[in-house]
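The values are calculated or read from the model by the stated rules, or taken from the named source; none is laboratory data. Because the structure is a prediction, the values reported are computed rather than measured. Cβ sites come from the backbone with ideal geometry, for glycine too, and all protein chains shown count toward neighbours. Note: areas computed on protein heavy atoms with side chains; ligands, DNA, RNA excluded. Shrake-Rupley method; radii C 1.70, N 1.55, O 1.52, S 1.80 Å.
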Amino acid sequence: MGLALIVILLVFARFSEEKNILGRQSSNGLQWGSCDVFSGNADPSMVCANFTVPLDWSNTASDQFAYLFVAKLQARNSPALGTIFMNPGDSSYPGTSYLRWKSELLSDITGGVFDIVSWDPRGIGFTYPRISCGAPLDVDFTDDLLNARSSGPSQADIDGFLANATTIETAFKAFAQQCVDTHQDNLRYIGTVATARDLVALADAIEGPGSLIRYWGLSHGTLLGSYLLDLFPERIGRVVLDGVQDATLYSQSPSYLTYADSIRDADYALQAFFDACAEAGSSRCAIAVPGSTGTSLRQWINDSIDAAYDAVQAQNVGIRVRPSVLRHLLQATAISPESWRTNAETLASMFRDLHYIGTSSTHSVTSTQYSVQPITSSPHTTQYNGYGRRSTNPSTHHKRAPVFVPSETYISAPYAIWCGDSIDNHDVTTPEVFKEIIRITKDISNIHGPLALASPTGLCHLWPARAVERRAEQGSPKLANPILVIGTSYDPVTPIASARKLVRRLNASGSRQAVMIHHDGTGHTSLAMHSACTKDIIKRYFAEGVVGLQTRS
């Protein structure tokens, strides 16, 4: 999933329904100008443009078009050495907004010598067609697994969950029909193969026809990267794929079977938070008490989930903290070490709410403020201080708040993309999907497993449209240049095993077409807990093509 669930939407803005949001494009490509949609967030280093591509790449003679919204972060040093095209993943979050949000960090990692270009893929943000058709369902209050005890669901919870299958299916079908009524045939042109072809067209327009493509993909953006490798192996320049999603599993298996693979390391990532909190101590971690260990803090969380469960079962009118709320917060915590400080404070506040309504516990927390000290450290990673990574100028990298996202596409676009990419699932039933979620919850994670219905993959068998062009099973393409693949030790969304699998596939012919970097950290992609070592490897690779660095960073 090149799924990023931690994005904070500070402003929910309605956007123009115009297809060409900037109202400008030169006849021969891109006409760069100010990023008007980022009003209030002016950045002189960024320029934006619209770019027109065929709506249907299998029928380029058609007079129907897609209009891509594109942003460029200009190199600090002029002239630029070229362009790096970037897709940050999260199939609901616009690439242009991410580029604006993380501009200093991205420029720093690449050395400031390249222009970095990102765009809003089809269905998302300010690109047309954009998919906006409401919300599918509220899983929090219909999902008995999300609100089960920490030890896992009881038989009554399981029975209640299965009993809701028909209700949830009906709600999702109504949502899907709303999408069909609103967008009709456009749903068939939202897919990763089409986005890969859009990327090549952008490269032709910006770097020149037939140019080698520099590409940086994170999370779901690694799927786009994998498709690019398979469809255009002769165009591969320097490509970095970080936080790899399994493209074969994604494109060749029923979509509901992909979730178990994605969360295989999620509990390890969450445990890293508890261990770091215990190491930091009560003066620097709001849920720690004297003598805390990573194990005791995990047990405290389990006790808090159970207390919330008991309060819900007792229909306590004062309860504001449900087990589902805790599970969502813990998932976000595992994904983003950047959130550890504030999420610890939130967990402490939730505990006080539970204590106030009459739950009992020997664990006592206060609202102690963090000092600006490292909450965790590692011999392999730069120290983390709760606000962001240390640097020579700590005010940079994270000083900007996330840029607003058109909220309608944030909710509904992932279904069009993930389900549109998936194989036909006509023989799959909703009870079959629910039984798989129960298995995942029991066998893999009772924290992350119940969140499967919050993923767009869970109900794709009910989605009425598939992309015009989908990925076929691939062997080992012959790449023009070797690529760099990065896997993080404990990534709760894209396990390191998927990175290793991709490298094995690319190197199966005996030639070294991919180099694997094992980033020793936790969180989703190496940028979640970035290190000087990994950053230096990425910088050197883009600048010099250095890929002979198979090391543990």
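Table for the structure above
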{"quantity": "The stretch 162-186 - residue that is touching a helix residue (DSSP H, G or I) at 6+ places or on another chain (Cβ under 8 Å) and among the aliphatic types (A, V, I, L, M) and, of those, nearest to ALA135 (Cα to Cα)", "calculated": "ALA176"}
{"quantity": "Looking only at the stretch 186-211, and only at residues there that are among the charged types (D, E, K, R) and touching a Leu at 6+ places or on another chain (Cβ under 9 Å), the one that is nearest to ALA247 (Cα to Cα)", "calculated": "ARG197"}
{"quantity": "Tally of residues being over 22 Å from SER531 (Cβ atoms) and open to solvent by less than 20 Å² (accessible area, probe 1.4 Å) across the stretch 338-350", "calculated": "3"}
{"quantity": "Segments classed as helices (runs of 4 or more DSSP H), wholly inside the stretch 186-266, with at least 3 members that are open to solvent by less than 10 Å² (accessible area, probe 1.4 Å) and of a type in the set (A, V, I, L, M, F, W, C)", "calculated": "192-207, 220-231"}
{"quantity": "So ASP275, is it out of contact with any Leu (no Cβ under 9 Å at 6 or more places or on another chain), open to solvent by 30 Å² or more (accessible area, probe 1.4 Å) and assigned to a helix (DSSP H, G or I)", "calculated": "no"}
{"quantity": "Where TYR410 falls short, out of the listed (1) assigned to a loop (DSSP other than H, G, I, E, B); (2) open to solvent by 40 Å² or more (accessible area, probe 1.4 Å); (3) at pLDDT below 90; (4) touching a Phe, Trp or Tyr at 6+ places or on another chain (Cβ under 9 Å)", "calculated": "(1)"}
{"quantity": "Filtered residues of the stretch 469-501 (kept if open to solvent by less than 40 Å² (accessible area, probe 1.4 Å) and more than 23 Å from SER455 (Cα to Cα))", "calculated": "PRO477, LEU479, ILE483, LEU484, VAL485, ILE486"}
{"quantity": "Selection count where residues are open to solvent by less than 10 Å² (accessible area, probe 1.4 Å) and more than 25 Å from ASN147 (Cα to Cα), scope the stretch 281-305", "calculated": "1"}
{"quantity": "One residue from ALA472, ALA499, ALA543 being under 30 Å from ASP424 (Cβ atoms) and more than 22 Å from the chain's Cα centre (by Cα)", "calculated": "ALA472"}
{"quantity": "Selection status of ARG341, charged (D, E, K, R), part of a helix (DSSP H, G or I) and in contact with a Gly (Cβ under 6 Å, 6 or more places away or on another chain)", "calculated": "yes"}
